[in-house]
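One structure below.
The values are calculated or read from the model by the stated rules, or taken from the named source; none is laboratory data. Just so you know, these numbers come straight off a predicted model, no measurement behind them. Positions of Cβ are generated from backbone atoms using ideal geometry, with glycine treated the same way; all protein chains shown enter the neighbour counts. Ligands, DNA and RNA are excluded from the accessible area calculation, which covers all protein heavy atoms including side chains. Shrake-Rupley method; radii C 1.70, N 1.55, O 1.52, S 1.80 Å.
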Amino acid sequence: MKLLLRVAETGSFSKAARQMRMAQSTASKQIALLEKRLGAQLVRRTSRGLALTEAGQHYYDEALRLIGELEALDDAVREREREPAGLVRVTSPPGFAADFLLPELGSFFARYPGLSIDFVVSQRLVNLVEERVDVAVRMGELESNELRARHVGTSTAIVVASPGYLREHGEPTHPAELERHDCIASMRGGRPRPWQFGHGAERVFIDPKGSIQSDNTELTRAAVKAGLGIGYAASWLFKEELSSGAVRQLLTGHECLQVPINAVWSGDRALARRTALFIDFLATRCAAEPMLRIH
């Protein structure tokens, strides 16, 4: 196949033979054997040299495609055998990066010492193309069809408060009672996000009202720990505080919002192996944590 490509491109057996590092007679014999096996003439002589017949042109086009695919396969296998190296630029919510990614990155770097991570930690929706970000950790439904994604986990909301706040203000036993409490609102687009309970047609939405509102999850966590109000946030945000007793989970009999955790990358570029390895690490990390595992 490769010899036929060279003959077609050079229009000469001698030039094709030199490129393939073989004798001209060997090249002519190989093309003749190929024509005999196929039962079709592929090359004909003209006043200007050699040209492909109609069958030869068809064979050339398909051979060009097949050889391209084989070379791409060879390159992919070679790439897999090489030690992965380079920088992966990642954007993630601050608390998620600090609490769930950083503690396990040591094992990731031990396995892939040639890789490094550049974190763009932000609550805002980072533009992956403009800011040259390889992969984003996104919570919630995706809003763009131009992005590609892999579902790696689930984030479940919970209602939490500090023991000090509960001693002073009492503990709500139903979502409707939250209207009588200081609720720490999470802001999006200048508006507080409603707190959702239940599912399907039985969903109840509460508009949080209180002395503090913020678009930063770390500030929400600090405000709850300080006893300044009741918070409604992802369970992973309060993992350590729940374990230590610094905060308590409330309204456990009422189902709260669940949203997907996705690894997201730009759809207009091929996924680099180093980025794919980080996404695998992210998926493994979520699978190992009950409060992040896909339900």
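Packing, taken as the mean count of other beta carbons within 10 Å per residue, orders the peptides 175-184, 162-171 from highest to lowest as 175-184, 162-171. Okay, which of region 133-155 sit inside 14 Å, backbone N to the point 7 Å along the Cα-Cβ direction of Asn127? Answer for this model: 133. Look at [x] 39, 21, 18; [y] 52, 27, 20; [z] 64, 19, 15: the one that is semi-axes √(5λ) of the Cα gyration tensor in Å derived from this structure is [z]. Take the chain with all the other protein chains still there, run a 1.4 Å probe, and you get 57 Å² of accessible area per residue. Of all DSSP bridge pairs formed entirely within the chain, close to 70 percent run antiparallel. Think of the chain as a dipole: +1 on every Lys or Arg Cβ, -1 on every Asp or Glu Cβ, centred on the Cα centre; then among Val259, Ala16, Leu271, Ala16 lies furthest on the positive end. Taking every alpha-carbon pair under 8 Å whose residues sit at least 6 apart, the chain reaches a relative contact order of 21 percent. When the charge dipole of region 117-250 is built from unit charges on Cβ atoms (+1 for Lys and Arg, -1 for Asp and Glu) and taken about the Cα centre, the candidate among Ala161, Met187, Val135 whose Cα reaches farthest toward its positive end is Ala161.
Here the convex hull built on the C-alpha positions of region 65-146 has a volume of 139 cubic angstrom per residue. For Arg89, the residues whose modelled amide H falls within less than 5 Å of its own, excluding neighbours fewer than 5 places apart on the same chain, are Asp118, Asp134, Val135.
The angle separating the long axis of helix 273-288 from the principal Cα axis of greatest extent in the chain is about 40 degrees.
Available extension along the chain between Ala288 and Glu240 is 15.7 nm, counting 0.36 nm per residue and deducting the alpha carbon span. Between Asp215 and Met187, the built amide H atoms are under 5 Å apart, and every one of these is 5 or more places off in sequence or on another chain.
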